[in-house]
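Let me begin by presenting the structure, written as structure tokens, before commenting on it.
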Amino acid sequence: MTTDGADLVIKTKSGLEVATADKEFSFKVGGRLQADYSNFDGVYTKDGNNADAAYFRRAFLEISGVAYKDWAYAISYDFSHNAGSSEDGYFDEASIAYTGFKPVTIKLGRFDPDFGLEKATSSKWVTAQERNAAYDLVDWANGHQNGMGIQVAGTAADMFYGSASLSAKDENDQDGQSVKQFNLRGVFAPMAEAGNVLHLGLNFAQRDMSDTEFDSRIRSRLGMRGVSTKGGNDAGDNGNRPHLGGAEATAAGTFGNDRAWGLEAAWAMGPLSVQGEYLQRKLQSDDGAYSDVKANGYYAQVAYTLTGEARGYKLGKFDSIKPANKQTGAWEVFYRYDHLSVEDDNNYVAFKNDDGKAGKNFGPIGDIDGKVHNIGVNWYANENVKLSGAYVKAKADNAPNGANDEDGDGIVFRAQYAF
């Protein structure tokens, strides 16, 4: 091939990548398509009856590469409109990074801050179709929420990873200032290769809500994404997300610091992998009339590849399973147990919701517990196609609204194409 400048190297194995031979410029196009069908009943629906949903969980187009020498960029747009919003565009990521201080990288723009092992692992390669339900307790901690941020991250000795970030979220206080969030994540992985993993991690996130009116509701889909009450491609008016605490329009001055801690651990040997995370959140009262809201959750997961392949691993996160046999692909079975608990003794009846109606009076209610069992199978037909199926059983104890049936059952199937 004849070029006007530096020689080009073109790769087509996974997406399309064009780079100069001197690696000072590169351009890669990739993406993922995840088509889901789910069927569920009980706690997942408002009336307890059976409902179903068919929808695109994700439809990402991803562009990334090296802009020039030590400057990298990443843009990811979600055509399924599950990332971001119409106000700011449905961008899951839009960032630029400076890599000239190796092994440290400085990233700016829109991205999800670091918090948790499953969140660090790409949605293409998490074991179950949905990440663990305990994350619902701290959805702000590892989501960009249409905001922007800066992150410094780096590695050392091929076994340490750390990151620190400061984000400005898409929420403003009474003075028009955006809510600021600070995140820290550290990982120690003395065994860090596919089929030979020992991973330990610690996470922290904090934001100050003292001068902000915000939606403090803690709600969970309990492992079944199709039950969103937003309508669209989901179950719409039939859906239900149990309300575990907080209020839709919490008045400024009600709460102050919002803090979350997280622990993560994983071990893998050959085709067997075990992982789990524990997290704790405290939404601190800033008003003597209200008490702190406390939440904690955890999950434990075991997965086994029947065809013998090991899960991929990159420092700080798991990666894909690459089938050894191109004809039969790789077959993986898994089980995961999620548990979440919220303690909120407040009465929010005085607050007005977005529709102008008084908030629901669901306090004091003490502890609310949620439990979710996931059992499923993944077929990695090749390095690009993955088919999944799972049975999900959930229970919500003492959920104050919308849970006509404390138990719920569901099945979910996914067809994924990633390039």
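A compact table of results
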{"item": "Among the residues listed as ASN172, ASN146, ASN183, the single one being within 18 Å of the chain's Cα centre (by Cα) and under 30 Å from ALA350 (Cα atoms)", "result": "ASN146"}
{"item": "Test: residue in segment 134-144 that is among the hydrophobic types (A, V, I, L, M, F, W, C), touching a His at 6+ places or on another chain (Cβ under 8 Å) and within 25 Å of GLY246 (Cβ to Cβ)", "result": "yes"}
{"item": "Residue, modelled with the lowest pLDDT, within segment 56-90, restricted to residues that are under 29 Å from SER38 (Cα atoms) and aliphatic (A, V, I, L, M)", "result": "ALA83"}
{"item": "Residue check, GLN145 on the phi > 0 side of the Ramachandran plot and either assigned to a strand (DSSP E or B) or touching a Lys or Arg at 6+ places or on another chain (Cβ under 7 Å) (or both)", "result": "yes"}
{"item": "Verdict on GLY147 being open to solvent by less than 10 Å² (accessible area, probe 1.4 Å) and farther than 21 Å from ALA266 by Cα", "result": "yes"}
{"item": "Residues of segment 92-120 classified as buried (at least 23 other Cβ atoms within 10 Å of the Cβ) and among the hydroxyl-bearing types (Ser, Thr, Tyr), total", "result": "0"}
{"item": "Top-ranked residue in segment 236-265 [being at pLDDT 95 or above and out of contact with any Asp or Glu (no Cβ under 9 Å at 6 or more places or on another chain); ranked as most open to solvent (accessible area, probe 1.4 Å)]", "result": "TRP261"}
{"item": "Single condition MET191 does not satisfy, out of (1) open to solvent by 60 Å² or more (accessible area, probe 1.4 Å); (2) more than 30 Å from GLY84 (Cβ to Cβ); (3) among the hydrophobic types (A, V, I, L, M, F, W, C)", "result": "(1)"}
{"item": "All positions within segment 54-92 that are in a strand (DSSP E or B) and in contact (Cβ under 8 Å) with a residue 60 or more places away in the chain", "result": "ALA54, TYR55, PHE56, ARG57, ARG58, SER85"}
{"item": "Hey, TRP331 touching a strand residue (DSSP E or B) at 6+ places or on another chain (Cβ under 9 Å), in contact (Cβ under 8 Å) with a residue 60 or more places away in the chain and open to solvent by 40 Å² or more (accessible area, probe 1.4 Å) or not", "result": "no"}
{"item": "Residue within segment 6-15 that is surrounded by fewer than 17 Cβ atoms within 10 Å (Cβ to Cβ), assigned to a loop (DSSP other than H, G, I, E, B), of a type outside the set (Phe, Trp, Tyr) and in contact with a Ser or Thr (Cβ under 9 Å, 6 or more places away or on another chain) present", "result": "yes"}
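The values are calculated or read from the model by the stated rules, or taken from the named source; none is laboratory data. Note that this is a predicted model, so its numbers are computed, not measured. Heads up, the Cβs are rebuilt from the backbone with ideal geometry, glycines too, and the neighbour counts pull from every protein chain shown. Protein only, heavy atoms only, side chains kept; ligands, DNA and RNA dropped before computing areas. Shrake-Rupley method; radii C 1.70, N 1.55, O 1.52, S 1.80 Å.
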